[in-house]
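Down below is the structure, laid out as structure tokens.
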Amino acid sequence: MDVILRAESVDLSYGSHQAVSNAEFTLRRGEVAAIMGSSGSGKSSLLYCLAGVLPPTNGTVTFDGVDLSSLPDGELSALRRTRLGFVFQYGELLPELTVEENAALPLRIAGISKKHAHAMASQVLGRLGMGDLLRRRTSKLSGGQSQRVAVARALVHRPDVVFADEPTGALDSANASAVLEEFLQLARRQKTAVVIVTHDVDVASRADTQYTMSDGFIAKRVAV
């Protein structure tokens, strides 16, 4: 598998606080990598650097061979819309939209017709067990259902990489296991690489590679 994402000597500072120090990270196409660590260890800060949301203070992050810091804001935003996907801990869904409308949102933003976008979204939602709830407002969903919609939204445009920040942190253990398993199966089916930030050892055990962070440093890298 060839490398799709690489971080080299990455530092990230917030004022005088060093959140990430000298991070080295490699992700191959179709690979699932977990970044573990306690609260405040720097794992979410590293994730946002890798995703091009936060520019590193020092070092480089390259996506498909391109240094993200070299891209103008417009090109970087377009790359995040078209080739990257995001899953957040609490879903971050739009409550006024339906399940299908939320999942189709990346496609609609990309200019895909409503009919085609909704058809693609319904296929992904169906694989995630949400096919019977397409017209339901997301404000009426359970936590596990909401997270399935968030996963569908992240995967619907078949991105190269999905970044997931504590995607099961708000769920009970049964829902967390079910959502994660479906997420990873669908991602692998699409050959999408996944970076998961988690403090849960069980979640990390599903990954191909595990990184452990402590005080901003990557303390350990283990290929499972």
Members of the stretch 173-224 found to be β-branched (Val, Ile, Thr), surrounded by fewer than 19 Cβ atoms within 10 Å (Cβ to Cβ) and in a strand (DSSP E or B), listed by number: THR212, VAL222
Boolean, GLY30 is at pLDDT below 95 and not charged (D, E, K, R): yes
Scope the stretch 166-191; condition in contact with a Leu (Cβ under 6 Å, 6 or more places away or on another chain) and of a type in the set (D, E, K, R); matching residues: GLU182
Condition met for ALA117 (in contact with a Lys or Arg (Cβ under 9 Å, 6 or more places away or on another chain) and buried (at least 20 other Cβ atoms within 10 Å of the Cβ)): yes
Any hit, the stretch 72-79, residues being surrounded by 16 or more Cβ atoms within 10 Å (Cβ to Cβ), without any contact (Cβ under 8 Å) to a residue 12 or more places away in the chain and not in a helix (DSSP H, G or I): no
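Yes/no per residue for (1) modelled with pLDDT of 90 or more; (2) within 14 Å of the chain's Cα centre (by Cα); (3) closer than 22 Å to ARG108 by Cα:
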residue: MET130; (1), (2), (3): yes, no, yes
residue: GLY144; (1), (2), (3): no, no, no
residue: PRO159; (1), (2), (3): yes, yes, yes
residue: ASP172; (1), (2), (3): no, no, no
residue: VAL179; (1), (2), (3): no, yes, no
Residue tally, condition hydroxyl-bearing (Ser, Thr, Tyr), surrounded by fewer than 23 Cβ atoms within 10 Å (Cβ to Cβ) and outside any strand (DSSP E or B), over the stretch 1-53: 5
Cross-chain or 6+ apart pairs with Cβ under 6 Å, the stretch 35-53 first and more than 19 Å from ALA223 (Cβ to Cβ), then hydrophobic (A, V, I, L, M, F, W, C) and in a helix (DSSP H, G or I): GLY52/LEU68; GLY52/LEU76
Scan of the stretch 70-128 for residues that are modelled with pLDDT of 95 or more and among the small types (Gly, Ala, Ser), ordered by number: ALA103, ALA104, SER113, ALA117, ALA119, ALA121, SER122
Candidates ILE35, ILE4, filtered to the one that is closer than 23 Å to VAL156 by Cα and in contact with a Phe, Trp or Tyr (Cβ under 9 Å, 6 or more places away or on another chain): ILE4
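The values are calculated or read from the model by the stated rules, or taken from the named source; none is laboratory data. Because the structure is predicted, anything quoted here is derived from the model rather than measured. Glycine also receives a Cβ, built like all others from the backbone with ideal geometry; neighbour counts cover every protein chain displayed.
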